[in-house]
2 protein chains.
Amino acid sequence: MSGPGRGNTAKSAGMFRCFFYSRTNYYLADSSIEFYREVQEGGFNLGLKWIGYLWLFSENQFKKLEPSLSEMEKRGAEYRIHSKEELRDKLEINVKAAETEEGRIMNLENVDLGLFIPKAGKIDVDRLVEFYEAEFRRMGGEVRYGVNAEELVVEPKLKLGIPGEPYFWQESRVVGVRVSGKVVRAKKTIVAAGVWAEQLLNPIGIDSYSKPKKRQLFVVKADRDKLKKLLHVKGFNKYDSMPFTILPNPRVYVRPDLDEETFWLGYADDFNRPFKLEDDPQPEENYYRYGIYPVLTAYFPQFADAYPINSWAGQYAINSVDHQPVVFEENGLIVVGAASGSGIMKADAIGRIAAAVYFEEEEAQLYGDRWFKVSDLGIKQRRIEVEKFVI
Amino acid sequence: MSGPGRGNTAKSAGMFRCFFYSRTNYYLADSSIEFYREVQEGGFNLGLKWIGYLWLFSENQFKKLEPSLSEMEKRGAEYRIHSKEELRDKLEINVKAAETEEGRIMNLENVDLGLFIPKAGKIDVDRLVEFYEAEFRRMGGEVRYGVNAEELVVEPKLKLGIPGEPYFWQESRVVGVRVSGKVVRAKKTIVAAGVWAEQLLNPIGIDSYSKPKKRQLFVVKADRDKLKKLLHVKGFNKYDSMPFTILPNPRVYVRPDLDEETFWLGYADDFNRPFKLEDDPQPEENYYRYGIYPVLTAYFPQFADAYPINSWAGQYAINSVDHQPVVFEENGLIVVGAASGSGIMKADAIGRIAAAVYFEEEEAQLYGDRWFKVSDLGIKQRRIEVEKFVI
């Protein structure tokens with residue numbers, strides 16, 4: 001890599017929300033975002049824009065969410081409901097997309113209402129990693145790019161000179177990492193390598209608790225009046241920007257970019273999308289053409305004949321068990337990862353928890369004086385609150 | 001494979017116990033073993049021998065287990081304690097192994113007592129799979145060997161002829177498996193491929209919840225009086241056999257084989273033993289010579305200069321999260337696996353749970369009229385009781 005976050009981080013859509021049922025999700029995301037807000041207000045521009053999330057639902061879909069939503073409201077989560085009529089007026093969206101033959105074939109759902117989340121938006125991911133890199137250097141940290149972390153080095157505490165040591169009866173630990181042929185030694189070694197973690201961890205028999213899955217983004221230009229109008233729609237946020245909008249079904253999403261006058265389009269497919277580590281994953285033209293495009297245009301006819309001017313693909317490190325990050329220490333090694341696609345919006349909290357693990361503290365102090373029990377993200381006493389607001 | 005269970009099953013030590021704190025472990029193992037007992041009593045010899053497990057402990061080690069042990073006793077679990085003196089007399093074991101310099105270097109623990117579990121022993125794994133195969137054929141099942149299950153076949157419910165379909169908006173499912181170039185179609189497809197599961201599941205983006213890790217066994221002949229005496233020790237079981245014996249630390253185990261007049265020696269190493277799929281894993285001579293041998297002879301001097309006449313290696317499919325099997329259905333596919341080294345002793349129960357998943361029943365009837373909630377071994381509502389009797 002040639003700089004910070006140049007793996008999959010830079011390929012992210014860079015969206016965040018502080019709107020979850022699960023306290024695990026909420027604490028991690030909300031404290032991170034509040035910290036980012038402070039950084040930005042302190043003068044380091046992170047490109048935070050609170051454009052909001054707009055989830056579109058049919059009545060049936062929404063009904064299933066209402067119990068968890070009302071519980072979240074009690075806890076102080078803010079949202080607004082937009083009526084079908086309002087959405088049709090503002091977004092010129094086809095609220096009856098499910099009622100055509102194509103709609104039925106594609107398993108679409110009508111738009112009966114919209115759930116708008118104000119505490120959500122976008123962040124400039126490059127700026128975010130630049131901020132942390134600068135802070136790390138300021139503390140005396142040293143950073144190297146363009147070098148290859150080849151393997152973790154395990155050594156016995158007491159070297160005996162036996163061929164092939166350490167053996168299992170020897171106390172042994174990770175003493176560092178071989179980087180471009182040279183061993184960099186450390187008291188504790190931290191692996192936070194995203195989807196590449198398994199390449200380092202498998203050889204020493206430690207599970208990364210995650211698998212890589214490709215995610216793709218397609219950029220379409222707002223090159224006509226109807227698309228410009230959609231992009232600059234008023235009434236949702238102070239930027240007069242279309243919110244980050246998620247279609248009812250399948251949950252194709254539209255991320256507006258006012259600076260570039262574009263829309264980023266994506267869909268996180270699950271079944272039949274391989275788990276497979278790729279250093280340079282490629283976007284698939286047909287994924288847009290036959291996957292996203294027909295769904296998108298069924299709801300937003302404005303996009304008719306709109307084809308990508310740019311596209312790319314990255315990978316999520318997916319924890320299929322509970323979709324939450326893992327942070328744990330074993331034999332001198334600290335593993336931080338498996339963020340399952342929410343790594344950026346939770347990064348500050350995850351970092352503080354990793355630091356607490358390093359210093360062997362039981363609780364991590366998240367930004368805003370919220371305390372988080374470190375073992376909750378560990379393996380042996382893992383305690384994750386299940387996300388009930390699943391859409 | 002040339003027959004049933006010829007992957008890693010046939011390479012197992014074939015040991016079982018019905019002695020667990022965790023009800024998940026207990027129900028799965030105990031109901032399976034009780035079924036195997038009935039099969040054998042019904043005339044199909046499974047080679048079941050109730051030689052028992054003998055765990056050796058230092059006082060300190062044992063103290064930590066006492067709370068869970070007394071809870072297990074309340075629930076009816078049977079065990080006997082053998083004193084240090086008794087063990088020294090019967091097994092001619094060095095109870096002070098920790099007190100030499102080598103003992104200290106190898107982190108050994110003294111033998112202060114032995115915990116003997118009568119409801120435990122060995123099983124002829126080949127016979128077990130032969131039994132199930134015969135039953136399956138009797139029910140009309142068809143079996144093929146020497147063919148390669150190349151890939152799971154995913155198809156949309158409604159084929160539209162679009163290049164690259166199915167797309168994510170299409171309802172699609174696993175319709176079968178490509179076997180040596182030909183698609184075998186099925187209403188539901190079951191993958192129970194052990195460590196090879198990930199090769200079939202990764203391409204369709206389903207997690208196997210397990211990773212392969214090598215396990216090795218070394219066979220030493222009872223070729224002298226002292227070893228013969230150890231093998232045929234009286235007072236533990238009706239066979240006058242040494243029980244399956246597990247050393248205090250590291251937990252090297254000794255599996256006696258009266259028919260062959262041998263001992264099988266093994267140790268399940270964890271840290272620094274790679275996760276890596278191997279079709280034909282090899283035993284490592286040095287693993288015996290420098291790993292097992294010095295530990296073994298520190299406790300059992302009878303094995304001095306004893307070297308393997310045979311050895312082999314297989315692989316466990318390890319679920320690092322909770323070390324329990326997974327059984328779940330997704331889009332026409334049923335996944336059964338991740339048994340983490342306890343697959344044989346739980347196989348009957350796992351099979352019944354898989355059958356319940358197939359028939360979409362909420363509970364599986366295990367042997368002996370014990371009911372097991374199917375979703376407890378699933379992913380979404382997984383509910384595993386943690387094993388507190390961890391040794």
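The values are calculated or read from the model by the stated rules, or taken from the named source; none is laboratory data. Note that this is a predicted model, so its numbers are computed, not measured. Positions of Cβ are backbone-derived with ideal geometry, glycine not excepted, and every protein chain shown enters the neighbour counts. Side chains are part of the model used for accessible areas, which takes the heavy atoms of the whole protein and leaves out ligands, DNA and RNA. Shrake-Rupley method; radii C 1.70, N 1.55, O 1.52, S 1.80 Å.
Can you give the calculated 222 nm mean residue ellipticity of the protein assembly as shown, where each DSSP H run of n ≥ 4 adds -39,500 (n - 2.57) and the sum is split over every residue, rounded to the nearest 500 deg cm²/dmol?
-7500 deg cm²/dmol
Name the lysines eligible as straight-distance cross-link partners of B:Lys90: C-alpha to C-alpha under 19 Å, and not fewer than 8 places from it in the same chain.
By straight Cα distance, B:Lys90 reaches B:Lys226, B:Lys228, B:Lys229, B:Lys234, B:Lys238.
Under the convention of a label 7 Å out along Cα→Cβ, give the distances in nm from A:Gly181 to the same position in every other copy, shortest first.
Reported distances to equivalent positions: 4.8 nm.
Please give the residues of segment A:300-340, grouped as numeric ranges, whose backbone N is less than 16 Å from a label point set 7 Å along the Cα-to-Cβ vector of A:Arg224.
A:300-309
Quick one: buried accessible area between B and A, total over both chains, 1.4 angstrom probe, nearest 100 Å²?
3900 Å²
Hey, any idea what Rg/Rh is for segment B:1-155, computing Rh the Kirkwood way over Cα pairs?
Taking Rg over the Kirkwood Rh, I get 1.10.
Going by a 1.4 Å probe on protein heavy atoms, which residues of segment B:192-213 end up with at least 40 Å² less accessible surface in the whole assembly than in their chain alone?
The answer is B:Asn202, B:Ile204, B:Gly205, B:Asp207, B:Tyr209, B:Lys211.
With a 10 Å cut-off between alpha carbons and a GNM built on chain A, which of A:Leu28, A:Leu277, A:Leu265 moves the most?
Of A:Leu28, A:Leu277, A:Leu265, the Gaussian network model singles out A:Leu277 as fluctuating most.
In whole Å, how far is the Cα centre of segment A:193-268 from that of segment B:264-317?
Cα centres, segment A:193-268 to segment B:264-317: 50 Å.
Once you place label points 7 Å from the Cα toward the Cβ at B:Ser70 and B:Val147, how far apart are they in nm?
Inter-label distance under the simple model: 5.9 nm.
Just add up the charged neighbours of B:Tyr358: K/R +1, D/E -1, any other residue whose Cβ is under 15 Å from the Cβ of B:Tyr358.
Local net charge: -2.
Could you please point out the chain A residue with its Cβ nearest to the axis of the rotation taking chain A onto chain B, and the distance in whole angstrom?
Residue nearest the A-to-B axis, with distance in whole Å: A:Val321, 3.
Nearest 0.05, what FRET efficiency do A:Glu92 and A:Glu130 give at R0 = 41 Å with Cβ-Cβ as r?
In this case the efficiency is close to 0.60.
GNM on chain B, C-alpha springs below 10 Å: top fluctuator among B:Ser208, B:Ser22, B:Ser320?
Taking springs between Cα atoms under 10 Å, the residue moving most is B:Ser320.
From the phi angles alone, apply the Karplus equation (6.51, -1.76, 1.60; θ = phi - 60°) to segment B:66-72 and give each ³J(HN,Hα) in whole Hz, x where the residue is Gly or Pro.
Whole-Hz 3J(HN,Hα) from phi for segment B:66-72: 4, x, 5, 5, 6, 5, 5.
Place a +1 charge on the Cβ of each Lys and Arg in segment A:115-250 and a -1 charge on the Cβ of each Asp and Glu, then give the dipole magnitude about the Cα centre in debye, rounded to the nearest 20.
For segment A:115-250, the charge dipole is close to 600 debye.
Enter the mean number of other protein chain beta carbons within 10 Å of the beta carbon of each residue in B:362-375, as an integer.
Mean partner shielding for this stretch: 0.
With each label point set 7 Å from Cα along the Cα-Cβ vector, what nm distance links B:Glu362 and B:Arg251?
Result: 3.6 nm between the two label points.
Where does the charge balance sit around B:Thr24 when Lys and Arg score +1, Asp and Glu -1, over other residues with C-beta under 9 Å from its C-beta?
-2
In nm, to one decimal, how far is the A:Lys157 label point from the B:Arg23 one, both placed 7 Å along Cα→Cβ?
Here the answer is 4.0 nm between the modelled labels.
Share of segment B:20-177's accessible area from carbon and sulfur, percent, 1.4 Å?
47 percent
From the label point of B:His232, set 7 Å from Cα along Cα→Cβ, how far away are the matching label points in the other copies, in nm, ordered shortest to longest?
Nearest to farthest, the other copies are at 9.8 nm.
With +1 assigned to the C-beta of every Lys and Arg and -1 to the C-beta of every Asp and Glu, and no other charges, what is the dipole magnitude of segment B:258-354 about the Cα centre in debye, to the nearest 20?
Once rounded to the nearest 20, the dipole reads 260 debye.
Over chain B, average the accessible area per residue using a 1.4 Å probe and give it in Å², no decimals.
Ligands and nucleic acids excluded, the result is 45 Å² per residue.
Report the residue, chosen from B:Ile246, B:Ile123, B:Ile204, that carries the largest GNM mean-square fluctuation when chain B is represented by alpha-carbon nodes joined by springs under 10 Å.
In the Gaussian network model the winner is B:Ile204.
What is the angle, in °, between the Cα long axis of helix A:343-358 and the longest principal axis of the Cα atoms in chain A? Nearest 10 is fine, range 0 to 90.
20 degrees
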